[in-house]
Amino acid sequence: MKFFFITLFLTSFVFANDVKNLAMLETEAKKHLGGDYFWSGVTPETGFDCSGYTKYVYNKLGINLPRTALEQANIGKEISKDELEKGDLVFFLTDAKRGISITHVGIYLGNNEFIHAASSKEGIITSSLSGKYKKLFVKATRPNNLNKEEKTRIMSKEFFAIEYKAIHSPTKIEIKYNFYSLNGGKYTKGQKND
């Protein structure tokens, strides 16, 4: 009975924190609206390129995305345009001359709009997935489905359990799980038994 209670508790914890952190992600993304574009930029002080911007925003929630748009497109769960939800990454081919399949990335905000570091002329803006970007769209992914560990990282910056298993013995059920805490931008891991 203890096992099922704990499973239900963790499932509720995941759902509540997922909603909270999607709101945090949107707030962080919009905080930089109107900011500068800078090729290879990764901070608000220097300005951002497209993947530097998405990496920075997700990192604020404890998710460490790869550096380039092409690398970011290869992680997470691929989803169709019809399945898009706030926080998903949307990928485009905006420069075919570069000889790679994906050259641009943004964060989906809902209502057919996404936010991105567009260009040195436009900076960080919101755009519609219709019109120009409809033709350039390549794919979308959901980064919070990377794996059990990465999905949990979006949930809490302070303390959380990421995996657990029940070990049955004749006298008790033992629950083991790992926990991580965010200290100075790095995770520390420990193990706790109940």
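The values are calculated or read from the model by the stated rules, or taken from the named source; none is laboratory data. Because the structure is a prediction, the values reported are computed rather than measured. Using ideal geometry, Cβ is built from the backbone for each residue, glycine included, and neighbour counts are taken over all protein chains shown. For accessibility, only protein heavy atoms count, side chains too; no ligands or nucleic acids. Shrake-Rupley method; radii C 1.70, N 1.55, O 1.52, S 1.80 Å.
Within region 37-51, which residues are part of a loop (DSSP other than H, G, I, E, B) and in contact with a strand residue (DSSP E or B) (Cβ under 8 Å, 6 or more places away or on another chain)?
Those that are part of a loop (DSSP other than H, G, I, E, B) and in contact with a strand residue (DSSP E or B) (Cβ under 8 Å, 6 or more places away or on another chain): Phe38, Gly41, Asp49.
Listed here are the residues, each with its yes/no results for (1) small (Gly, Ala, Ser); (2) in contact (Cβ under 8 Å) with a residue 40 or more places away in the chain; (3) within 23 Å of Lys121 (Cα to Cα).
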{"residue": "Ser40", "(1), (2), (3)": "yes, no, yes"}
{"residue": "Leu65", "(1), (2), (3)": "no, yes, no"}
{"residue": "Gln72", "(1), (2), (3)": "no, yes, no"}
{"residue": "Ile75", "(1), (2), (3)": "no, yes, no"}
{"residue": "Asp88", "(1), (2), (3)": "no, yes, no"}
{"residue": "Phe91", "(1), (2), (3)": "no, yes, yes"}
{"residue": "Val105", "(1), (2), (3)": "no, yes, yes"}
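Pick from region 75-120 the residues that are of a type in the set (Gly, Ala, Ser) and open to solvent by less than 40 Å² (accessible area, probe 1.4 Å): which of them is farthest from the chain's Cα centre (by Cα)?
Within region 75-120, the first condition is being of a type in the set (Gly, Ala, Ser), and the residues that meet it are 76, 80, 87, 96, 99, 101, 106, 110, 117-120.
Remaining after also requiring open to solvent by less than 40 Å² (accessible area, probe 1.4 Å): 76, 87, 106, 110, 117-119.
Numbers: Gly76: 9, Gly87: 7, Gly106: 11, Gly110: 15, Ala117: 16, Ala118: 19, Ser119: 22 Å.
Per the stated criteria, the residue is Ser119.
Specify the residue that is modelled with the lowest pLDDT; the eligible residues are those in region 56-113 that are touching a helix residue (DSSP H, G or I) at 6+ places or on another chain (Cβ under 8 Å) and small (Gly, Ala, Ser).
Gly62
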